[in-house]
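The values are calculated or read from the model by the stated rules, or taken from the named source; none is laboratory data. Keep in mind that this is a model prediction, so the values were computed, not measured. Cβ placement follows ideal geometry from the backbone for every residue including glycine, while neighbour counts extend to all protein chains displayed.
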């Protein structure tokens, strides 16, 4: 099933908003209303900017730090 076919939470359709990617300048659609002054990224550029996760799912703490 494609993302577009699933709709939003609880079976509701998501309202998509057109935006221009802050990185590459391509037009994209996002499931939130863009706020002026905050960057919006297309899918490809978002992957480049997405924060990396640390700690292997343990909240980032080492076992010895308890």
Q: Report, by residue number, each residue of segment 30-50 that is surrounded by 13 or more Cβ atoms within 10 Å (Cβ to Cβ), closer than 17 Å to residue 14 by Cβ and either in contact with a strand residue (DSSP E or B) (Cβ under 8 Å, 6 or more places away or on another chain) or at pLDDT 95 or above (or both).
A: 30, 34, 40, 42
Q.
Go through (1) surrounded by 11 or more Cβ atoms within 10 Å (Cβ to Cβ); (2) at pLDDT below 95; (3) touching a helix residue (DSSP H, G or I) at 6+ places or on another chain (Cβ under 9 Å) for residue 61 and report which single condition fails.
A. (1)
